[in-house]
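J.: For reference, the structure I am asking about is given below.
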Amino acid sequence: MSLRIGVDLDGVLADFASAYRSVKAQLALEGIAGALPEAPLIDTDDDGECGVGEPLPGPGRGLRLPRAVAGKQGGDKGDSVWERICRTENFWSTLAPIHPAVIPRLNRLARTRRWDVYFITRRPETAGESVQRQTHRWLVAQGFDTPSVLVVRGPRGTLAGALNLDFMIDDSHTGCVDVISDSSTKVFMVVGARPTPPRSTAAAKKLGISPVASVGAALDAIEEQTAAQAVEGWLPRLSRLLRFEPRGA
């Protein structure tokens, strides 16, 4: 049977943090941003919802700030980076890949190993095309020819179970815990260059979450695990074929 793999986008494949800092720097030049936090994870809100918070003031075209930041960072000044992001047309199609070679590699693996790959994100809406269309076009441009993009508004654990995912690759500790709690999916948590306290890493491992340095490392581990399982599956069959059984036994 082919593997079913879920892959998060921001912080795993797409460099959202750099784009956030760029918007923040531009607002600082304009005298708007003030003292703002570093780039947040998109899906660290308590209830797992993003893109359904408070509406943008003024002509926001029906868009809403992510609940993860709306009302939590000091009023309009704290929300200004997200306001600019949400007002930027097709913002999600402008991000740079974290590791440019990884997405073509994932595409090759999906084709040659018959993997079913689902790109799962909680990105909030922006001006322009829908989040799904922006993300789809971005993945095609980066080298994945037939992406399946799922934009979710709630926890991912139920979705992982419904999709019967074998593996999930994410960079959010909360998201990883959610998936491993509500499904039988094996989870890789991409820690990247972020300083991760040893206690947090140990706690993740205790829960069954595997910390990895990058999505490439996660793909290496998946290939190794599946290769080992394939060998284990063939050994009993080979043993039966080679076993001498006397006639009439």
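The values are calculated or read from the model by the stated rules, or taken from the named source; none is laboratory data. For clarity, every value in this text was computed on a predicted model and none was experimentally measured. Cβ sites come from the backbone with ideal geometry, for glycine too, and all protein chains shown count toward neighbours.
J.: Considering only the stretch 147-172, state which residues are closer than 18 Å to LEU109 by Cα and in a strand (DSSP E or B).
T.: Matches in the stretch 147-172: VAL149, PHE167, MET168, ILE169.
J.: Picking from ARG153, ARG108, which residue would you name as being within 23 Å of VAL212 (Cβ to Cβ), out of contact with any strand residue (DSSP E or B) (no Cβ under 6 Å at 6 or more places or on another chain) and among the basic types (Lys, Arg)?
T.: The conditions single out ARG108.
J.: Check LYS205 against each of (1) at pLDDT 95 or above; (2) over 15 Å from LEU9 (Cα atoms); (3) not small (Gly, Ala, Ser) and name the one condition it does not meet.
T.: Just one mismatch for LYS205, condition (1).
J.: For the stretch 125-146, give me each residue that is crowded, with 16+ Cβ neighbours inside 10 Å and touching a Pro at 6+ places or on another chain (Cβ under 7 Å).
T.: Within the stretch 125-146, HIS136, LEU139, GLN142, GLY143 qualify.
J.: Does the stretch 172-194 contain at least one residue that is touching a Phe, Trp or Tyr at 6+ places or on another chain (Cβ under 6 Å) and modelled with pLDDT of 90 or more?
T.: The answer is yes; a qualifying residue exists.
Quick grid of which residues meet (1) surrounded by fewer than 16 Cβ atoms within 10 Å (Cβ to Cβ); (2) modelled with pLDDT under 90:
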position	(1), (2)
GLY11	no, no
SER18	yes, no
SER22	yes, no
GLN26	yes, no
PRO37	yes, yes
ASP47	yes, yes
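J.: Take the stretch 92-124 and flag every residue that is of a type in the set (Val, Ile, Thr), buried (at least 17 other Cβ atoms within 10 Å of the Cβ) and in a loop (DSSP other than H, G, I, E, B).
T.: The answer is ILE98, and nothing else.
J.: Name every residue in the stretch 135-159 that is farther than 23 Å from VAL177 by Cβ and of a type in the set (Gly, Ala, Ser), in order of residue number.
T.: Of everything in the stretch 135-159, those that are farther than 23 Å from VAL177 by Cβ and of a type in the set (Gly, Ala, Ser) turn out to be ALA141, GLY143, SER148.
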